[in-house]
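Please treat every number below as a calculation from the coordinates, not as lab data. Fair warning: this is a prediction, and the values are worked out from it, not measured in the lab. No Cβ is skipped: glycine too gets one built from the backbone with ideal geometry, and neighbour counts run over all protein chains shown.
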Amino acid sequence: QSVTPIVPVMTRNDDTTLEMTRLCRADGLLVIPVCYPAVPVDAPRLRTCVSAIHSDRDIDFALDVMARAGRQTGLIA
């Protein structure tokens, strides 16, 4: 529930964050890894940015890519 276009996707650790970044980018989805010291050591995340120019199809694509990457890294079941 954000009022900004930046949507963080919380990850467990830096390794997962970097692997999620690699997998998403390999599938054509730009995400930005944010790790310590930019955020607390226990709060790494992926930074995404959503805007009005994105279509429902774009959002569905992003969610599919993130879900695949999340399953591959064990972030989600």
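Figures for the structure shown
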| item | result |
| --- | --- |
| Loop trypsin sites (Lys or Arg not before Pro), the chain (other Cβ atoms within 10 Å of the site Cβ: 14 or fewer; DSSP) | ARG12 |
| Average Cα contact separation per residue, the chain, under 8 Å, 6 or more apart, as relative contact order % | 36 percent |
| Cα-based helix-to-principal-axis angle, 56-73 vs the chain, degrees rounded to 10 | 30 degrees |
| Computed helical MRE - 222 nm, the chain, DSSP H runs ≥ 4 contributing -39500 (n - 2.57), nearest 500 | -13500 deg cm²/dmol |
| Rounded tilt (10° steps) of 14-26 against the dominant C-alpha axis of the chain | 30 degrees |
| Two-site label geometry, VAL41 and ARG25: point separation in nm, points 7 Å out along Cα→Cβ | 2.6 nm |
| Residue-count net charge about ARG71 - beta-carbon cut-off 13 Å; Lys, Arg +1, Asp, Glu -1 | -2 |
| Total formal charge among the other residues, if their Cβ is under 12 angstrom from that of ARG45, Lys/Arg +1 and Asp/Glu -1 | 0 |
| Alpha carbon Rg of the chain, scaled by the compact-globule rule 2.2 N^0.38 Å | 1.06 |
| Student exercise, the chain dipole from Lys, Arg, Asp, Glu Cβ charges, in Debye to nearest 20 | 60 debye |
